[in-house]
Amino acid sequence: MPAYANTLAVDNKKLWQSAKSVIAGGTGLLSKRSEQFNAEWPTFFSKSSGCEVWDLNGRKYIDCAGGIGAVLLGYGDEDVSKAVTRRLTLGTYSSLVNPQELELAEKLLQLHPWAGKVRYARTGGEAMSVAVRIARAASGKSGVAFCGYHGWHDWYLAANLGETNALDGHLLPGLQPKGVPRELTGTAVPFRYNDWQSFEAAVNKLGDNCGVVVMEPMRSQFPENDFLQKIRSFCSGKNIVMVVDEITSGLRYGYPGALTRYNVVPDIVIYAKAMSNGIPFATVIGNDDVMTAADESFISSSYWTDGIGTAAALAVLEKMESENVFNAVWSKGVALQELLREIAMKYVSCGLVVGGMPASPTFTFTSSHAAAARKLFITRMQEEGFLVAGIFYLMHAHKEQHLHRFAEAFEQTLQLIERSIESGIIETDNSKAFQHGFTRLA
């Protein structure tokens, strides 16, 4: 534990400024930067367990951010920790291959009977880059039509080359593609979810160079009018490789992924985040023909063979099945989301829309007071002992008592926001509706 954790009255603001002076951006994940929340955000943690996290001053919170979606079971899950500890004891790395790689591959292929091969990585972003490389190798074309958020790599940010607002509906608005080669201009074109005309326009813009379609199966809305099936049929008819990003949706919106709901078979699917419950790990799973097509492309990295992530993933999959985690979390989410919507409708002045999926309800302020209301929402919920902003990532560790307390604090907070608006304490800020973190269309 860092020395800071043993110091009384840690100044989190000062510590965060110190972090920014030596770490680019203060931390490696944009969504963890304190500027994304409020001035009182604790920023640093001393320990985490289940659905609870302690700041450096020892205050305990119920964490509703789920490690920014990376943790589904709960922090420090006992079974995952045991598997990782065992791997640490036996050794996590050597010049020989860890046999758990084979064990996990066989399990993943069992869960995806259409697939023939897997690859491992350590983060979702790099796994997406691996998948796009494989898909381009298989199609022989560089053009990518995509929908949703898929990481920070050049192939994705190339969409903003020459048209800096191309990603505004998929990622944070105004991102500058600095450092992305201009030669990639025109190789990545976005389309809107559930919008067939938008999809056709993206494919047509790429023309004969369109070889890959990348998309999330769903994010904040369900597919409509057989959208996924139509894209699958289109790709099959045009020899385009269909890549599905289940990095966020995997295990959380279905088991093993959201695609199981719709009987859609992709060419490649990618998992990370919940697949290893907070331990660095990602996997690319694909059909034999597509995966084999990239055998001659150099795709290799030392720590993709580290044993910790593999051990964690095996433990996660075992627990998902033995405790029926997906159905348990989804059912809790259905009840919670319905309750929160009922509460939000009672406080019209707040302009709060409860959306998203049951396993990850979203909170979007839509009134002319949106920015100020959002800050007050975060601050007041934090005072009540909850860390939450725009998305509540439910975890298996969230029990009924936690959700009951959350709903009570949620209503009390909306009451305060409405009184503040009606009394003029919160003034119109003329800002656009606040939307949580990444603005994604899927």
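Assorted remarks:
- Across region 112-122, the number of residues qualifying as surrounded by fewer than 17 Cβ atoms within 10 Å (Cβ to Cβ) and either in contact with a strand residue (DSSP E or B) (Cβ under 6 Å, 6 or more places away or on another chain) or touching a residue at least 12 places away in the same chain (Cβ under 8 Å) (or both) comes to 2.
Each row is one residue, and each column tells you yes or no for (1) touching a Ser or Thr at 6+ places or on another chain (Cβ under 9 Å); (2) part of a helix (DSSP H, G or I).
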{"site": "ILE308", "(1), (2)": "yes, yes"}
{"site": "ALA315", "(1), (2)": "yes, yes"}
{"site": "GLU321", "(1), (2)": "no, yes"}
{"site": "GLY355", "(1), (2)": "yes, no"}
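- Within region 31-57, considering residues that are touching a residue at least 40 places away in the same chain (Cβ under 8 Å) and farther than 29 Å from ALA370 by Cα, the one nearest to the chain's Cα centre (by Cα): GLY50
- Output for region 248-274, where each listed residue is outside any loop (DSSP other than H, G, I, E, B), modelled with pLDDT of 95 or more and out of contact with any strand residue (DSSP E or B) (no Cβ under 8 Å at 6 or more places or on another chain): ALA258, LYS273, ALA274
- Of the criteria (1) out of contact with any helix residue (DSSP H, G or I) (no Cβ under 6 Å at 6 or more places or on another chain); (2) over 23 Å from LEU72 (Cα atoms); (3) among the basic types (Lys, Arg), which one ARG380 fails: (1)
- Per the listing LYS82, LYS47, the residue uniquely under 20 Å from TYR393 (Cβ atoms), among the charged types (D, E, K, R) and not in a loop (DSSP other than H, G, I, E, B) is LYS47.
- Look at (1) touching a residue at least 12 places away in the same chain (Cβ under 8 Å); (2) more than 21 Å from PRO217 (Cβ to Cβ) and you find that TRP155 fails only one, number (2).
- THR310 passes every criterion in (1) among the polar types (S, T, N, Q); (2) closer than 29 Å to VAL241 by Cα; (3) out of contact with any helix residue (DSSP H, G or I) (no Cβ under 6 Å at 6 or more places or on another chain); (4) buried (at least 20 other Cβ atoms within 10 Å of the Cβ) apart from (3).
- Any hit, region 231-242, residues being surrounded by 23 or more Cβ atoms within 10 Å (Cβ to Cβ), out of contact with any Leu (no Cβ under 9 Å at 6 or more places or on another chain), closer than 20 Å to GLY355 by Cα and modelled with pLDDT of 95 or more: no
- Among the residues examined, THR364 does not qualify as surrounded by fewer than 19 Cβ atoms within 10 Å (Cβ to Cβ) and either within 21 Å of the chain's Cα centre (by Cα) or not assigned by TED's automatic domain parsing to the domain that holds GLY257 (or both).
- Test: ASN165 is closer than 26 Å to GLY257 by Cα and either surrounded by fewer than 20 Cβ atoms within 10 Å (Cβ to Cβ) or at pLDDT 95 or above (or both): no
- Against the conditions (1) of a type in the set (A, V, I, L, M, F, W, C); (2) in contact (Cβ under 8 Å) with a residue 60 or more places away in the chain; (3) out of contact with any Gly (no Cβ under 6 Å at 6 or more places or on another chain); (4) assigned by TED's automatic domain parsing to the domain that holds LYS273, CYS64 satisfies every one except (4).
- Residue check, ALA293 more than 22 Å from the chain's Cα centre (by Cα), small (Gly, Ala, Ser) and at pLDDT 95 or above: yes
- Each residue in region 251-272 was checked for being over 29 Å from LYS332 (Cβ atoms) and either buried (at least 23 other Cβ atoms within 10 Å of the Cβ) or outside the structural domain of MET291 (by TED's automatic domain parsing) (or both), and 2 pass.
- In region 21-44, the residues that are at pLDDT 95 or above and assigned to a helix (DSSP H, G or I): SER21, VAL22
- Answer residue from region 291-306, given it is assigned to a loop (DSSP other than H, G, I, E, B) and small (Gly, Ala, Ser) and is surrounded by the fewest Cβ atoms within 10 Å (Cβ to Cβ) among those: SER300
- Checking region 54-73 against the condition returns no match, with no residue being of a type in the set (Ser, Thr, Tyr) and touching a helix residue (DSSP H, G or I) at 6+ places or on another chain (Cβ under 7 Å).
- As a summary of the residue check, THR248 satisfies the conditions (1) surrounded by fewer than 19 Cβ atoms within 10 Å (Cβ to Cβ); (2) among the polar types (S, T, N, Q); (3) touching a residue at least 40 places away in the same chain (Cβ under 8 Å) except for the one numbered (1).
- Residues of region 125-150 classified as assigned to a loop (DSSP other than H, G, I, E, B) and either free of Cβ contacts under 8 Å to residues at least 40 places away in the same chain or surrounded by fewer than 21 Cβ atoms within 10 Å (Cβ to Cβ) (or both), total: 3
The values are calculated or read from the model by the stated rules, or taken from the named source; none is laboratory data. These figures come from a predicted structure and were not determined experimentally. Cβ sites come from the backbone with ideal geometry, for glycine too, and all protein chains shown count toward neighbours.
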